[in-house]
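The values are calculated or read from the model by the stated rules, or taken from the named source; none is laboratory data. For clarity, every value in this text was computed on a predicted model and none was experimentally measured. Cβ: placed from backbone, ideal geometry, glycine included. Neighbour counts: every protein chain shown. Quick note on the areas: whole protein, heavy atoms, side chains included, nothing else; ligands and nucleic acids left out. Shrake-Rupley method; radii C 1.70, N 1.55, O 1.52, S 1.80 Å.
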Amino acid sequence: MFELQMDDCLLRGDSSRLVSLLHYEGLNSSTLTRLHHLVTKELHSSRFCRVLIVLKSLSILSENNDDLQTLVSLGLTAKVMLWFKAVHDLLTSDLQKGSAPLLSLTEEFFNYFLVLGRASLPAGQLCVLLLHLAHLCLGAEVPFPLRLEAIRTFNSILESLSRQQRRLIQNDQNQTQILSQVAAAVLTVGDYEMQVSLSEALCRLTPRREREQRANQWFSCSDISSAFCDIRDADFEVDCRRFLNFVNCYHGDQRRVYTFPCLQVFLGSTQLFRPKDDKLDVFWIDFNLGSGCVSFFIDDPQGFLWGSIHLLKEDVDYYDLQVRHNETVLRVRLINPIMQLNIRGHMVELTFNTEHHRELEEAARRVFKKEVSSTGAGGAVQASPSEDKHMGRSYSRKKPPSKSQLKILPLSSPSSEDDSSSLKAAATNQTEILFDRIQNSTPKFSSSFLPQFDPTDSDVSEAHLSNLKRPPSGDPQGAELQITQDLTEVLVGRSSPSKKEGLRKREAADSGYLSDQMEGVTPHKRKAEPQQTWVEQAAEEVLHSDGVWPNLTREKAEPESHLTSDITSTFKSFKTQLEQRFIGCWQKVQAEVLGSLKDCQQHVSSLLTAVHQHRLLLLQQFENSIMDQLKQLEENSINLNTINSQILTFFHSEMEHLTTFCEEHLKKLKTLEPDQLKTYSSNH
């Protein structure tokens, strides 16, 4: 009876009624076991909407802390992890990849993980939960929006933990092993927001005193590891921007993220302005190859935080680059209009200094997958459609009132618990001086800046997931990502697993304030310093003129001719192997298709022959039946004719007898006299 009632609740989509039913049945081991069997069956049947109702019901139950603790004590966490593992497997399968109900279900799992993170779970269960999120984030076959959401949920859970819980997580051996993969993904993921979240996870799970040792293990290049160690928890966003700019510029033309300072931006005829911040004096635009979008942040006068716009390559109708009055203008025409600050428009126009024209042309081509033929008057290019879907085009990061407040913690944390003096010393470290020097030199390449956000924000999340489209099974970015990985191995001297793809923003502290000393501080609009630019020529000029950082040689920032040759040969070899593989796959598929067509032709021919024979048989049977009926009809007709003949013969015979009788009596009447006639009449 209980199972039938649960099935009725799922059929109606009534989560509140299911909560009442679970309360009525009692929160015990038997009830939880039956619920587990039901969810397992629904997942195997791919009825994700029904599982979504179960998770929403558990979320409602978990609003009561006593009920939540009861469920956890009965083993709910282990069962939820089993369900999520099944969902993860379905996300990577060809049959269910990109299914909208499955994406919504995964989103609901992320929400419930945040609830479990606040349930004072044992350290072992927390580690398992975080590992599941990390593995999903690092899975290249998982849609990019879900990967981004997974790492943000990861950081949000760490943010909600106590200092003691965080120490236990940091000491877990499994977490230590997964961090090397997270560090490798920072180099190749190709999306700035994902890079920030991955870097935040590294900082949260690495105590300050161990950061240098672990960074040397993660990054084979000493300059990259040194830049990572210069990230201060108190100024995470600013320092992380410097670190990521250095990492991205280190890869030169093979970088996966381009960032340029913008002069002005228009949506239609309305100008959009950079976020208002004391430390932000540059309007930064990010070109993200991994997620296939151009993103930037704008001021939202009506909002608590900054607004954000994403120009996704699958939403781009065409784009062009023009030079006007010594300025380079990038115009992007969208297939569908976007809404931002009550403004609706199809055309986004971004203006840059002409010194960035070549890099802008390359960045736009790599993001939108097309070349611009004209750089003077402007050549419009049709953007190629993307096979991977992403988050919504534009949104504002708002914090819904239903979400709990997360802390903004500007100072030390378990990841930096040594002492605050190291933070002050870091402000004057040599890497920072080098960045400042380069800023004052002649810039050639511009870096990027990502504004900081309130860690409690999540309003945008639902909007993005609801607009999420189902990505086809193809992955056009996979080959490019693999090429970048191979080239990175040559440049950096180590193998870095490539990761890619993206989702909504939740209340996770994706900006990375990593401490927990200032609980209860009211979130304020975050600010960030303007980012200095990294320029190879300027760096060389500074190094040669002032002698700063003599150990940072040109070889570390710029490949020599033999290294360039190695890169070229590696690329050509990879390209040749890829072409051969594509040709082999095409030939194999062609042969299979032709063979299948031949088999189908034979099967169809046999089927048509059998149908024809059966039709002839039915026709013959019909003909025989008609002939039998006609024969029977003929016999009946003969019998009827015979009867008619007999009747006519009998009638004629009787007529003759009657005629004869009448004639005889007439003759007698004529011969009789009158007296005899009277006697005859009286007798007759």
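General observations
- Ratio Rg/Rh [Cα only; Rh per Kirkwood] for the stretch 75-205: 0.94
- Local electrostatic count, Asp172, Cβ distance below 15 Å [Lys/Arg +1, Asp/Glu -1]: +3
- The label-point distance for Phe661 and Gln213, in a model that sets each label 7 Å from Cα toward Cβ, rounds to 14.5 nm.
- Scaled radius of gyration (Cα, divided by 2.2 N^0.38 Å) that the stretch 164-268 gives: 1.17
- Extension gain for Leu594-Gln264 works out to 113.2 nm (0.36 nm per residue, less the C-alpha to C-alpha distance).
- For the stretch 1-52, radius of gyration divided by Kirkwood radius, i.e. Rg to Rh on alpha-carbons: 0.94
- As computed over the stretch 136-182, the Cα convex hull volume per residue (Å³): 63
- Counting heavy atoms of the protein chains alone, Met1 has an accessible area of about 150 Å² for a 1.4 Å probe.
- Phi angles of the stretch 332-349 translate, via the Karplus equation with coefficients 6.51, -1.76, 1.60 and θ = phi - 60°, into HN-Hα couplings of 10, 9, 9, 5, 10, x, 10, 10, 8, 6, 6, 10, 10, x, 9, 9, 10, 10 Hz per residue; Gly and Pro are given as x.
- Simple label model, 7 Å out from Cα along Cβ direction - His325 to Gln69, nm: 6.7
- Sequence-separation-based contact order of the stretch 1-109, relative, with Cα cut under 8 Å and 6+ spacing, percent: 29
- Split the accessible area of the stretch 282-331 by element, probe 1.4 Å, and carbon with sulfur accounts for 43%.
- Cα gyration tensor category, rounded, prolate or oblate, for the stretch 283-328 with a/c compared to 1.5: oblate
- Qualifying trypsin sites (Lys or Arg not before Pro) for the stretch 1-58 [loop in DSSP, other Cβ within 10 Å: at most 15]: Arg47
- Restricting the calculation to Cα atoms, the stretch 27-111 shows an Rg/Rh of 0.98 when the hydrodynamic-style radius is the Kirkwood one.
- Net length gained if the chain between Gln629 and Thr568 were fully extended (0.36 nm per residue, minus Cα distance): 13.0 nm
- Legend: residues Ile638, Ile567, sorted from most to least accessible area (1.4 Å probe; ligands, DNA and RNA excluded), read Ile638, Ile567.
- The stretch 213-355: C-alpha gyration tensor shape, a/c 1.5 cut-off, then a/b vs b/c: prolate
- Residue order for Tyr318, Tyr250, Tyr24, Tyr112 - accessible surface, 1.4 angstrom probe, largest first: Tyr24, Tyr318, Tyr250, Tyr112
- Solvent exposure of the stretch 270-358 amounts to 38 Å² per residue of accessible area, where only protein heavy atoms count and the probe is 1.4 Å.
- Think of a 1.4 Å ball rolled over the protein heavy atoms: the stretch 6-137 then has 40 Å² of accessible area per residue.
- Relative contact order of the stretch 109-217, defined on C-alpha pairs under 8 angstrom at six or more residues apart (%): 27
- When a 1.4 Å probe is rolled over the protein heavy atoms, the share of accessible surface on the stretch 158-207 that falls to carbon and sulfur comes to 43 percent.
- The Leu607 and Leu95 beta-carbon pair, evaluated with R₀ = 35 Å, returns a calculated FRET efficiency of approximately 0.75.
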